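The values are calculated or read from the model by the stated rules, or taken from the named source; none is laboratory data. In this text the structure is predicted, and so the values were computed from the model without any measurement. Glycine also receives a Cβ, built like all others from the backbone with ideal geometry; neighbour counts cover every protein chain displayed.
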Amino acid sequence: MIKIALCDDEKYFLDKLEKMLKDYSKRNNIDFVIRKFNSSIQLMESLKLDFQIYFLDIQMPNMNGIELAKILRKHDADTYMVFITSYRQYMPIGYEVNAANYLEKPVDQKSVDRELDRAIKRLKSYQQLYLTVKNLDGFYKVYLHNLRFIETRDRKSLLHTEAGDIISYKKLLELEQELAEHSFFRCHNSYIVNIAYVEKIVGLDIYLTTGEKIYTSKAKKKELLQRLAEEMGCVGNVIL
């Protein structure tokens, strides 16, 4: 089941687009949950529903589609976004928020089908494993393949992701237990690292592919090297 959000201030267009999505769903035997929103503010109030595909009008009152997309990206770096516009001059702006594509009004069934084909293909290719994080700012879906490492800071856990840093009030031990079945390792009392991001280890320093540096404890280093050998196939990038 795929959750799709449609946001446009024109009710007629929302109804038309919903009909096209339902037609695609029926022809391809794919279940959609479709929610319609007539303003960015209304959609913002429903972020916890974890939509996987967004169709966003660019020109809307109060908060336009680009501003809305920037907020959505902070909550979910991998969601599939399609902008809808009647104005070609807005199209280049979408690259700022990694929009998948544009649909120019008036929209036809063929272009909607093409976009849904792309979106579903991408969703299937992603590793759909994630943590759900709740803090004072709201709810966040953190995909594990985008989570580089977690550290303890000021009695909180700070998740370093490709979409930015996210605060969690869960203890590091609790997060360690949630990630136990995946490619993460508690390398230090203050750190959990995603094995896939480890580039090299020099002494007790762990260098990540992003250029960041964290640390392992002496007690954990041997086990970390073993995990690297098991999951990465070698330890050739390690300087003892």
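Going through the stretch 185-214 one residue at a time, which ones are among the aromatic types (Phe, Trp, Tyr) and at pLDDT below 95? Give the derivation first.
As a first pass, look at the stretch 185-214 and keep what is among the aromatic types (Phe, Trp, Tyr): 185, 191, 197, 207.
Hits for the stretch 185-214 are TYR197, TYR207.
Scanning the stretch 122-169 for residues that are of a type in the set (Lys, Arg) and touching a helix residue (DSSP H, G or I) at 6+ places or on another chain (Cβ under 8 Å) yields LYS141, ARG148.
Scanning the stretch 67-117 for residues that are of a type in the set (Phe, Trp, Tyr) and modelled with pLDDT of 75 or more gives TYR80, PHE83, TYR102. Among the residues of the stretch 127-137, just one is surrounded by 13 or more Cβ atoms within 10 Å (Cβ to Cβ) and more than 15 Å from the chain's Cα centre (by Cα), namely ASN135. Report yes if some residue within the stretch 215-225 is within 14 Å of SER183 (Cα to Cα), of a type in the set (A, V, I, L, M, F, W, C), in a helix (DSSP H, G or I) and at pLDDT below 85; otherwise report no. Among the residues of the stretch 215-225, not one is within 14 Å of SER183 (Cα to Cα), of a type in the set (A, V, I, L, M, F, W, C), in a helix (DSSP H, G or I) and at pLDDT below 85, which makes the answer no. The set of residues in the stretch 139-181 being touching a residue at least 40 places away in the same chain (Cβ under 8 Å) and surrounded by fewer than 16 Cβ atoms within 10 Å (Cβ to Cβ) consists of PHE139, GLU162, GLY164, GLU178.
For every residue, the table says whether it meets (1) hydrophobic (A, V, I, L, M, F, W, C); (2) closer than 23 Å to LEU123 by Cβ.
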residue	(1), (2)
ARG35	no, yes
GLN42	no, no
ASP50	no, yes
ILE53	yes, yes
LEU56	yes, yes
ASN62	no, no
GLU67	no, no
LYS70	no, yes
HIS75	no, yes
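Please tell me if LEU173 is touching a His at 6+ places or on another chain (Cβ under 7 Å) and outside the structural domain of ILE71 (by TED's automatic domain parsing). When the stated conditions are applied, LEU173 does not pass them. Per the listing ALA163, ALA196, ALA119, the residue uniquely among the small types (Gly, Ala, Ser) and within 30 Å of GLN226 (Cβ to Cβ) is ALA196.
Those residues that are hydroxyl-bearing (Ser, Thr, Tyr) and under 20 Å from the mean Cα position of the chain (by Cα), I need them from the stretch 12-66; list them, please.
The first filter runs over the stretch 12-66 and keeps only residues hydroxyl-bearing (Ser, Thr, Tyr), leaving 12, 24-25, 39-40, 46, 54.
SER40, SER46, TYR54 - these are the residues of the stretch 12-66 that are hydroxyl-bearing (Ser, Thr, Tyr) and under 20 Å from the mean Cα position of the chain (by Cα).
Of all residues in the stretch 203-231, those that are in the same structural domain as GLU181 (by TED's automatic domain parsing) have Cβ atoms under 8 Å from Cβ atoms of residues that are small (Gly, Ala, Ser), 6 or more apart or on another chain, in LEU204/SER217; TYR215/SER190; GLU231/SER183; GLU231/ALA196.
Could you grab me the full set of residues in the stretch 171-210 that are of a type outside the set (Ser, Thr, Tyr), within 24 Å of LEU131 (Cβ to Cβ) and assigned to a loop (DSSP other than H, G, I, E, B)? Don't jump to the end; show me each part of the working.
Initial filter on the stretch 171-210 (of a type outside the set (Ser, Thr, Tyr)): 171-182, 184-189, 192-196, 198-206, 208.
So of that shortlist, the ones also within 24 Å of LEU131 (Cβ to Cβ) come out as 171-182, 184-189, 192-196, 198-199, 206, 208.
Correct list: LYS171, LEU179, ALA180, GLU181, HIS182, ASN189.
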